[in-house]
Each structure stands twice: as structure tokens, then as C-alpha cells.
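All remarks here apply to the structure that follows.
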Amino acid sequence: MSFSPSQEAIELLDNLLPSGAQQRRRIYERVVQTVLMCTSFITVIVLFAVAGSLVPPTIDFFQEVSFGEFFGRTEWYPLFEPPAYGIWALMSATFLVMTIAIIVAVPGGLAAAFFLNQYASDRVRRYLKPTLEILAGMPTVVFGFFAVNFVSPNIVQKLWPFGEVDFYNALSAGLVVGIMILPMMTTLAEDAMNSIPKALIEGAYALGPTKREVCTGVIFPSALSGIIASIVISLSRAIGETTIVLLAAGASAKFTLNPAESVQTLASFIGFAGIGDQETDSTGYRTIFAVGTFLFIITFILNIISIRVVRRFREVYE
Amino acid sequence: MNETTTPTAQSLIASSLSKGDGNIPGVNSGRAAQIVMEARDLSVYYGDFLAVRQATFSIARNEITAFIGPSGCGKSTILRSLNRMNDLIHSARVVGTVLYRGIDLYGPLADPGEVRRRIGMVFQKPNPFPKSIYDNVAFGPRVNEKFTKSELDGVVEDSLRKAALWDEVKDRLKASAFSLSGGQQQRLCIARALAVNPDVLLMDEPCSALDPIATGRIEDLMREIKSEYPIVIVTHNMQQAARVSDMTAFFSVESTGDTNRPTGMLVEYDRTVDMFSHPHDERTLSYVSGRMG
Ligand SMILES: Nc1ncnc2c1ncn2[C@@H]1O[C@H](COP(=O)(O)OP(=O)(O)OP(=O)(O)O)[C@@H](O)[C@H]1O
Ligand SMILES: [Mg+2]
């Protein structure tokens, strides 16, 4: 018994085959897909290019300066004779400024996020959210001048209770970096709180707690991973911040954790030395790349942590 | 536009429970003394939209009250206005009176948090917190009272027993609530609601996401606890309403001329046996008989 397709089936098949117009649409779809794919690859390529351009000068640098010197000392005079390459001077300052910034941004950002999420009326929310976004988009140089011309003379130098304060100091820089990352911290933390299912929040309120108890007892733990991720992202923003620190904390690299002193961080060293007149074939010039690599690795690790944390966060509700 | 006058504290307490419409035709006259909650001319707006108009009914001790009616007729809206959950929706506005043991729930004497603690709620979809089983049940007692660790353990065990979940979870109280099945999660939510020792329990389609066995367990549970907690249950399942409830309120929608969104209304409210065998209203009869098959 042989099988032959019915007339109906043949017509159906004809209709299923792509017409000219459909074929054109398909080709167009291909083109769009390819273009989109290329643009996303560009980001990856740029990332590798940046990382790659850091590597050769860094390798050269470590042929001239030993790991022991770099990680074992606390003096940092790479551009003087005789030079000293102890990264801990920059590390201590980076840690100091970052810590001050985080002390400002985390409690402030969380409080603002709780307020926006649970306390603010729709009206207030409608005005506050865009204001935060404008603040987040402000050029950092504006914050830098605010730190030097206002925060340092009017606040830090007036209110510091423990003796002398340098005009350029880590505290002003840290405070203003904290203010700079505050909007981002707030927005990210609020997004995390907002992604908690509404039914869950209703279930909490149905048990009779106050808003504060819902915030601390349900919203905070439910959004914890998202909140941690927002802290880590703010942290890497603070570590990488150059302009504000350069303007407000000065350029004296020293191993200290005293916020009243002028300091130099990893990022502000790069900003400082990068605009100087280093010969391109000097150890001093290669120092910039070595510090850059170091900074790159730190922020890279922080970002990986935040991605991990966010991924764990997603698993919770799916 | 404010149709309610703000009564004085004295008049609030004084509003007597027997004054209400506890004397429904055909319902034993002793019921009036058992009334715990009363809604009088209760209307709810969302913005300008009148979602439900002028519902009047009462909830008595030892009774399960069922809310039935087509989708969108305002059953959830009315239920949520009984424990001020509507406060969480900014556009919602309540007009009329809800009395709880003689106190106006929307009056100056009532604190929304305290109202919700006394009048508990279970939702359509199980909504446990992303915490352990123990911490889910303990959340309410922790915020509402100071308990020692062993007292809290007792409250948690008690609540889980009442919700018929204890035997299934007693060995894994520290496990995540998300590790439970849907039916278990719903019973956990009931345990969580019972843990704050409420006076009334509101349940919005608590079984709609559950299989018949889990549904049966929750219905048994409702019958067991109704002597302690009067229950109001919203359900689309007529058999369920007939099986568990003592009183039934039938809501429906009516189109008002000016808007195209229909407003919900309470059509009839009576003993369940009467509602299902010989209701007074045509609309109740056709809904009940249509849905019973
Ligand atoms: N948050 C809200 N904002 C605006 N309108 C709402 C809101 N919630 C409910 N409504 C409207 O109020 C009316 C009653 O809704 P409600 O949820 O109370 O109905 P229901 O009887 O519970 O329906 P269902 O059986 O489908 O759950 C509907 O017209 C609905 O669209
Ligand atoms: Mg509903």
C-alpha cells in the first residue's frame, strides 16, 4: 500500500513554505541578531583589551621591583630617588576612605530604601526617586569641589575633636564619596526590597506588626542577598573613585589609618601619576599599570562576589 | 467626602452589640449575644470607583461565615476591610462602620496593627516568609509579645498542632518553609495566623491552590477551631460553602448607570441551610443552583 499525500496536505505544505516577504523578514531578523550579538561582544572585547593592556607593563614592573618590596613595605615614593614601592601605603588609604564612605552610605542608603519602600506616600516616592537618579548622575568633580570647599573647612576642620586636621584629609574625601554612592546604594537596595513578592509583605502586616518590625523582621532578611549585593557594588564604586579623593585627600602617600591626614589611595595615585610627566619607559610609568592591575583585581573580585550573591537571591523565589 | 461622623470614645464603646441586625429571620435569637463583628452599611471605594456598596452583616462566635459570589463582586474587598488590610492599598477608602466587640475598627480607638493581630488573615496563595518553619510561626508572637525561649517553643508547637502540621514538621522546624508542599505551606500560614492568638480568622479562598485531600484537611481544621475562632471564608466552591459554613453571604454585581464598572453588593445573608435550600432572592437561587450543578 503506497502513501500519497492528499491534495489538502499539498496545499497546506505550500502555505507553510515561506513566501518572499517572509523570507525577507527572516533575513532582516538574522541581521538584527548579528548586530546585537556583535555589540555585546564589543563589551567583552573591551574588557579583555583593558585587562590585556595592563598585563605587559605590570610584568615588566615586577621584573624591576620584587613582590617582596611591593607587598612587604609601607613606604610609597615611586617617583622619587631612591624610590620605594610599598603598596600598603596606598592600600591603607584605600581601606580608610572606603570604610568612611561605607559607614555613610550603608546606613543612609538602607534607611532611605526602607523609607521609600514602606513609609513614603506615592507622592513623595514620585518625587524622591527621580531626585536620587539625578544625584546619581552628577559628575564626581562637583562632589570633589564640594568636599574641598565646603566639607573640609566648614565641617571636618571645625568639628574634628582630636587635634589638628590637614586641609586635605581622608575624612572629607570618605564622607563625600559616601554621599556620592548613597543614591546608587539606595536605588539598588530599594530594588531588592521591591522584588519581594507583595503577598509576602501583606502576610507580614496581617500579623499586626508595625512598619519598623516589617522592615527589620521580614523585608531586611528577605532582601538580604540583594542588599549585600548593593553594598558590594557600592564598595567597588567607592574603591575606584578617583576625582573626589584626588581633590579632597591630597597626594601624600602614607601608611596611616588616621582620617585627619592627607592620604593617597590606589585610584587617586593613578589619577595623580597618570597626568604627571612620567617617561613612558620608566619604572615610575609602569608603576601606574601595576597599581591599575591591583585595583582591577580587587574590583573584579568584588563584582564576582556580588554576582554570586545576586544569583543566590534569585533562587529564593523561583 | 466623608460620610462617617467621628464618634466620641464613649459612644464607640456604648454602641451595643444587640442593637445590630443579629436577629436575622429564622436564626435563633440567642445569636445576638454571640456576635463578635458587625458591618453596617459598609462601602469600599478604590479611588472614585465604588467597588462594594453598603453591606450589612454580622459574624458570631462558633460560626463559620462563607462569602460567595461571582468574580469581581467584592468578596476580597469586604473581607480585607474587616481587618484594615485595605489600609495598605493607598487608593482604598472605607465608608460605613465595622464594629468589633462594639468598637469602631476605623475609629480613633483602633490601632491598625492591633486590629490585624486580633483579626487574623489567611491568603489565597500560601505566602510563607523565606525563613525556617519555626521562624515563620514565631514571627507574630515575637513582635507582639515578650516571650522566653521555652514559652515561644510552646506557642509554636501549639499553633502547628492546631493547624494539623506538627507531626509532619516536628523533626525539621529549622528547615526552610519553602521546602514544604503547597498544602503544607498553607497550613503553615494558618499556624502563623493562629500563633498571635487572634479572635477572628479571615480566609480568602484558602483552598483554591490545593488538591482535594489538602482541602479536606483544612476544612476539618476549620471545623475544629471554629469554637475558638469565628471564621469568615471566601470561596468559589459551593460544595465547600455548604459543607463547612453556618452562615452564608451572597454578593453579586449590579451595573450602575454612570460607570461601566459594576459595583458589588451584598444580595442576601442568611443561614447556610436556608441559603442553599430556599433562598429569598432570585439571584441567590440561580447562582447557588447553577453553581451546585
Ligand atoms: N487594589 C485595587 N485597586 C483598584 N480596584 C480594585 C483593587 N482591588 C480590587 N479592585 C476592584 O474591586 C472590585 C472587587 O474586587 P475583589 O477583589 O474584591 O473581588 P472578588 O469578589 O474577591 O473577586 P474574586 O472572586 O475574583 O477574587 C473589582 O472590580 C476589582 O477590579
Ligand atoms: Mg478575591
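Please treat every number below as a calculation from the coordinates, not as lab data. Remember, predicted model here, so these are calculated numbers, not experimental data. Positions of Cβ are generated from backbone atoms using ideal geometry, with glycine treated the same way; all protein chains shown enter the neighbour counts.
Within a straight-line Cα-Cα reach of under 28 Å, B:Lys75 can be paired with the following lysines, leaving aside sequence neighbours fewer than 8 residues apart in one chain: A:Lys198, A:Lys211, B:Lys19, B:Lys125, B:Lys162, B:Lys226. Taking the convex hull of the alpha carbon positions in the protein assembly as shown and averaging its projected area over all directions gives 46.8 nm².
Karplus-derived 3J(HN,Hα) values for the stretch B:31-48, using 6.51 cos²θ - 1.76 cosθ + 1.60 with θ = phi - 60°, are 4, 3, 6, 8, 5, 9, 10, 9, 10, 10, 6, 7, 10, 10, 10, 10, x, 8 Hz; glycine and proline are entered as x. When Rg and Dmax are taken over the Cα atoms of the stretch A:163-318, they come to 20.6, 70 Å. Under 5 Å between amide hydrogens, built in the peptide plane, is the criterion, and for B:Leu202 it picks out B:Gly120, B:Met121, B:Val122, B:Val232 among residues at least 5 positions away or on other chains. Helix A:224-240 and the longest principal axis of the Cα set of chain A meet at an angle near 50°.
Give me the orientation-averaged projected area of the Cα convex hull of the stretch B:225-276, in nm², one decimal.
Numbers: hull surface 18.2 nm².
The directionally averaged projection comes out at 4.6 nm².
Placing a label point 7 Å from the Cα of B:Glu145 along the Cα-to-Cβ line, the residues of the stretch B:227-244 whose backbone N sits under 17 Å from it are B:228-229.
Toward the positive end of the charge dipole of the protein assembly as shown, with +1 on the Cβ of Lys and Arg and -1 on the Cβ of Asp and Glu, the farthest Cα among B:Met37, A:Gln278, B:Ala191 is that of B:Met37.
For a quick check, take a GNM of chain A with Cα springs below 10 Å and name the residue from A:Thr131, A:Thr256, A:Thr243 with the largest mean-square fluctuation. Per the Cα network of chain A with a 10 Å cutoff, A:Thr131 tops the list.
Rounded to whole numbers, the Karplus 3J(HN,Hα) couplings from phi for the stretch A:257-270 are 10, 8, x, 7, 8, 6, 9, 10, 9, 3, 5, 6, 5, 4 Hz, using 6.51 cos²θ - 1.76 cosθ + 1.60 with θ = phi - 60°, and x at Gly and Pro.
What area, in nm² and to one decimal, does the C-alpha convex hull of the stretch A:186-253 cast on average over all directions?
Values: hull surface 24.1 nm².
Projected area, direction-averaged: 6.0 nm².
Mind checking B:120-129 for the average number of partner chain beta-carbons within 10 Å of each residue's beta-carbon? Walk me through the numbers before you get to the answer.
Details: counts 3, 5, 2, 5, 1, 3, 2, 9, 2, 9.
Shielding by partners across B:120-129 averages 4.
With viscosity 0.692 mPa s and temperature 37 °C, the Kirkwood radius over alpha carbon pairs of the stretch B:31-129 converts through Stokes-Einstein to a diffusion coefficient of 231 µm²/s. Only helices enter the 222 nm calculation for the protein assembly as shown: every DSSP H run of n ≥ 4 contributes -39,500 (n - 2.57), and dividing by all residues gives -16500 deg cm²/dmol, rounded to 500. If one puts a single equal scatterer on every Cα of the stretch A:1-106 and applies the Debye formula without solvent, what log₁₀ I(q)/I(0) results at q = 0.11, 0.17, 0.18 Å⁻¹? So the normalised log intensities work out to -0.70, -1.00, -1.03.
Which of the trypsin sites (Lys or Arg not before Pro) found in the stretch B:139-182 are loop residues per DSSP with 11 or fewer other Cβ atoms within 10 Å of their Cβ?
Numbers: sites: B:Arg142, B:Lys146, B:Lys149, B:Arg161, B:Lys162, B:Lys170, B:Arg172, B:Lys174; in loops: B:Lys146, B:Lys170, B:Arg172, B:Lys174.
Taking the stretch B:139-182 and a limit of 11 other Cβ atoms within 10 Å, the loop trypsin sites (Lys or Arg not before Pro) found are B:Lys146, B:Lys174.
Counting charges near B:Arg223 (Lys, Arg +1; Asp, Glu -1) among other residues having Cβ under 14 Å from its Cβ returns a value of -2. Using θ = phi - 60° in the Karplus curve 6.51 cos²θ - 1.76 cosθ + 1.60, the 3J(HN,Hα) couplings for the stretch B:171-176 round to 8, 9, 5, 8, 6, 5 Hz; x is entered for Gly and Pro. Straight-line cross-link partners of A:Lys129 among the aspartates and glutamates, defined as a Cα under 15 Å from its Cα and at least 8 positions apart when in the same chain: A:Glu190, A:Asp191. Counted residue by residue at 0.36 nm each, then reduced by the alpha carbon distance between them, the extension gain from A:Ala49 to A:Lys254 reaches 70.6 nm.
Taking the Cα centre of chain B as reference, the dipole from Cβ charges on Lys and Arg (+1) and Asp and Glu (-1) amounts to some 580 debye. Summary value for chain A: 24 percent relative contact order, contacts being C-alpha pairs under 8 angstrom separated by 6+ residues. Backbone amide hydrogens, once placed in the peptide plane, bring A:Tyr77 within less than 5 Å of A:Ala84, A:Tyr85, A:Gly86, excluding anything fewer than 5 places away on its chain.
Here chain B is scanned for GluC sites (Glu not before Pro) in DSSP loops (not H, G, I, E, B) that have at most 13 other Cβ atoms within 10 Å, and the longest stretch holding none of them is B:146-293. Give me the percent of DSSP beta bridges within the protein assembly as shown that run antiparallel, rounded to the nearest 5. Beta bridges within the protein assembly as shown, antiparallel portion: roughly 60 percent.
A convex hull fitted to the Cα coordinates of the stretch B:143-293 yields 158 cubic angstrom per residue.
Charged neighbours of B:Tyr100, selected by a Cβ distance under 13 Å, balance to +2 (K, R count +1; D, E count -1).
A Cβ-based charge dipole, computed about the Cα centre of the stretch A:7-64 with Lys and Arg at +1 and Asp and Glu at -1, lands at about 200 debye.
Summing +1 for each Lys or Arg and -1 for each Asp or Glu among the other residues whose beta-carbon sits under 13 angstrom from that of A:Thr280 gives -3.
For the stretch A:60-219, the alpha carbon convex hull comes to 202 Å³ per residue, rounded to a whole number.
Can you list, largest first and rounded to whole Å, the semi-axes you get for chain A by taking the square root of 5 times each eigenvalue of its Cα gyration tensor?
Numbers: eigenvalues 452, 221, 60 Å².
Calculated on Cα positions only, the semi-axes equal 48, 33, 17 Å.
Over all distinct Cα-Cα pairs of the stretch B:9-288, the Kirkwood formula returns a hydrodynamic radius of 19.5 Å. Under conditions of 20 °C and 1.002 mPa s, the stretch A:7-64 yields 135 µm² s⁻¹ as its translational diffusion coefficient, taking Rh as the Kirkwood radius over Cα pairs in the Stokes-Einstein equation.
Computed from the Kirkwood radius of its Cα pairs, the Stokes-Einstein diffusion coefficient for the stretch A:142-250 at 25 °C and 0.890 mPa s stands at 153 µm²/s.
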